[in-house]
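Scroll down for the structure; my scribbles are underneath it.
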Amino acid sequence: MAMHIDWTYDGCDEQDEYRIEDYWRSRSLELESKIAASDDEPTELRIAVCQDEDSALWEVQAALHVDTRTLAATSTSSKIERALDKVLHTLADKLDRLDEESIAVTTGKEVSRDVIPLLQQARQSGQSKAFLSHLVPLVSSVQSYARRELQMRQIEDDLPSEQITVADVLNEVIVRAWGQFPRRPESRSIELWLVGLVDEVLGQPDQTVVNESLDEPEEAATGEIREAWRDEWIERIDDETISAGELLPGLVSADVWDDYAADGKHLQLAEMLAQLPRDRRQAFILHAANGFSAGEIADFQDRSEEAVVADIALAKQTIEHHQKEPELDEIEETMERPARPPRNVR
């Protein structure tokens, strides 16, 4: 399994960067062999390196994303080699423990807990590059929600079609995440907090962050930071569509919609979802497509769990009803088709 490494530097010159990456390559063979032996999906390793200007201490933060799991490690030392070795040892040790304990694959909202200390440390230290490096995979985990909700709101005419893209939304989310992270509810998962930021951005499409920049106020105002991360989203965002098979995996008839995806039936499903009350639609999608529990959604929406459970059930019934419509349409079309004129009999 190939491992992609994304390096982020702060306070380092080009010579430092070359030396650090060269040392990492010479010492990471054991870690790479452990990853190669895994059956998980392709791996991404994000490493943030910062040298403090005053103390000259080196700080290394690493987040290893394996399939749906994330392993984090951090180290601070006066020597960069020592900090890198400590991070390598910690990641290798965590991989060994995963194998020994046969830990089941966890959901995205669970694995983010290991990254939270890295985000907190980077935010408190004002290390925006390290913060964003660790945040990007988490924001990517809600890109499906952002895509769906953007499409729903365009159908509802809340947003002009094509005026705002998923990449635009995610770019704005990371800027707001930097500004609002110290005030986020600690009892709420980061993923649901990011979902809230997606809703905030979609609710204010003409507003951008001016006073909550990543480094300097003028950078947020000019959009330089947003543009710098735009390529990241373009590479990560795929051309997915909403399918009933994804939202209702237990229904055999869900394949009906998938079979007609090429004919635009997925758009009919999107239009149907857009007709649902917004809280009901959000509760259903967060539960069916993102795996959040009714209790988590109730806390997020500030509603009772009973109301959320009822809305999820009603939304499911609505989709089940609409899934039968292709067959009904064919019957109605046959009944309404003009009768064939009688043949001439000689």
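Modelling each spin label as a point 7 Å along the Cα-to-Cβ direction, I'd like the residue 13/residue 320 distance in nm, to one decimal.
6.9 nm
Local charge sum around residue 49 (other residues, Cβ-Cβ under 9 Å, Lys/Arg +1, Asp/Glu -1)?
Overall, the nearby charge balance is -4.
Given the pairs 79/129; 34/79; 94/316, which are separated by over 32 angstrom at their Cα positions?
In this structure, 94/316 lie more than 32 Å apart at Cα.
By average Cβ neighbour count within 10 Å, what is the ranking of 137-145, 276-284 from highest down?
Highest to lowest by the protection proxy: 137-145, 276-284.
Applying a 10 Å radius around every beta-carbon, put 12-19, 306-313 in order of their mean neighbour count, most first.
306-313, 12-19
How far apart, in nanometres, would the label points at residue 278 and residue 116 be if each is projected 7 angstrom from Cα along the Cα-to-Cβ direction?
2.8 nm
Kindly state, to the nearest 0.05, the FRET efficiency for residue 268 paired with residue 96, given R0 = 51 Å and r defined as their beta-carbon distance.
For R0 = 51 Å, the calculated efficiency reads 0.55.
Determine, for each peptide in 174-181, 30-37, the mean count of other beta carbons within 10 angstrom over its residues, then list the peptides with the highest first.
Result, highest mean first: 174-181, 30-37.
Please give the contour-minus-distance gain from residue 81 to residue 33: 0.36 nm per residue of separation, less the Cα-Cα distance, rounded to one decimal in nm.
15.2 nm
Quick one: if the Förster radius is 22 Å, what FRET efficiency do residue 52 and residue 23 give, using the C-beta to C-beta distance and rounding to 0.05?
The calculated FRET efficiency here is 0.70.
Read-outs: derived from the displayed coordinates by stated rules, not from any lab. Please read all numbers here as calculations on a predicted model, not as lab measurements. Here the Cβ is made from the backbone with ideal geometry for all residues, glycine too, and neighbour counts use every protein chain on show.
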